[in-house]
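Right, one structure below, let's go through it.
The values are calculated or read from the model by the stated rules, or taken from the named source; none is laboratory data. It should be emphasised that the depicted structure is a prediction, and the values quoted were computed from it without experimental measurement. FYI the Cβ positions are ideal-geometry reconstructions off the backbone, even for glycines, and counts take in every protein chain you see. Heavy atoms of the whole protein, side chains included, go into the accessibility calculation; ligands, DNA and RNA do not. Shrake-Rupley method; radii C 1.70, N 1.55, O 1.52, S 1.80 Å.
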Amino acid sequence: MNASDAFVLPDRTIHVWSFGLDLTPADAQRAESWLSADERTRAGAFHFARDRSHFIAARGRMRELLAKYLGGDPAALRFAVNSHGKPQLAGDFGANELRFNVSHSHGHALLAVTRGAEVGVDLEQIRSDLDFAGIVAGHFSSAERIGWQALPEARRQEAFFHGWVRKEAYVKARGEGLSREPSRYTVELEPDALGRLLADELEPAAPTTWRVETLPGPTGYAAAIAYSGPERKVELRPA
């Protein structure tokens, strides 16, 4: 595959780009030069320099990759957000059907790009410093709670993160964010499962109109993707 082929997006295909966020000083400067005034303000609000640099890297790389699909300048891209904060292309670039979503966690990021369907992606580093039982009790559905508690204790941590990214990818694809109560929908929790959406109390037909799938994330991470409509081919792209 040559460089230009990487940005040809066939029908019913999703490209998922995987990239690190630790940039050289020159690359960081270039990424920051593409950002809007609003993005620079958001970057400046981070207390820790590492968080600030990772935000700049994620936004800059997102702009660079999207611009290659659109044949434009990364700095020229304009974005708007819906009422729940999901970003989308705006202005002249918003007239096409390109849809995207980005997620980053602890130095790594994923960007999903497709056409003609809503898409969401989520990435989380698997770690041990959370109150897993408390989060499951407060944010998982009753079926998920029963399934999680039935797992051997040694498997619960990994199952938690795989379940969490599947739930997050689903609400991000829908563009609803925190407005959709996470205990009202159910996904598969097992790390080696497909990661399907099993039920949504607020939209019983959702499991037939939305797809949630496990993604192979970097070592030590859990990742998932969700999208609307018929099945699509998901292609991984190392950036």
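Residues that are free of Cβ contacts under 8 Å to residues at least 12 places away in the same chain, surrounded by fewer than 16 Cβ atoms within 10 Å (Cβ to Cβ) and not in a strand (DSSP E or B) do occur in the range 154-166, at least one of them.
Here D11 qualifies as open to solvent by 80 Å² or more (accessible area, probe 1.4 Å) and touching a residue at least 12 places away in the same chain (Cβ under 8 Å).
The number of residues in the range 27-72 that are open to solvent by 50 Å² or more (accessible area, probe 1.4 Å), in contact (Cβ under 8 Å) with a residue 60 or more places away in the chain and within 20 Å of H108 (Cβ to Cβ) comes to 1. Considering A109, A117, the condition of being in contact with a strand residue (DSSP E or B) (Cβ under 8 Å, 6 or more places away or on another chain), in a loop (DSSP other than H, G, I, E, B) and surrounded by 14 or more Cβ atoms within 10 Å (Cβ to Cβ) is satisfied by A117 alone. Of all residues in the range 77-106, those being loosely packed, with under 14 Cβ neighbours inside 10 Å, touching a residue at least 60 places away in the same chain (Cβ under 8 Å) and either among the hydrophobic types (A, V, I, L, M, F, W, C) or within 17 Å of G60 (Cβ to Cβ) (or both) number 0. If you go through the range 171-203 and keep only what is open to solvent by 60 Å² or more (accessible area, probe 1.4 Å), of a type in the set (A, V, I, L, M, F, W, C) and over 21 Å from V102 (Cβ atoms), you end up with L194, L198, L202. If you filter the range 136-150 down to residues that are of a type outside the set (G, A, S) and more than 28 Å from A117 (Cα to Cα), you find that the one that is surrounded by the most Cβ atoms within 10 Å (Cβ to Cβ) is V136. The set of residues from the range 14-26 being exposed (fewer than 13 other Cβ atoms within 10 Å of the Cβ) and under 21 Å from the mean Cα position of the chain (by Cα) comprises just one member, D22.
Criterion applied to E158, E153 was being touching a strand residue (DSSP E or B) at 6+ places or on another chain (Cβ under 8 Å), farther than 16 Å from E118 by Cα and charged (D, E, K, R), and the one residue passing it is E158.
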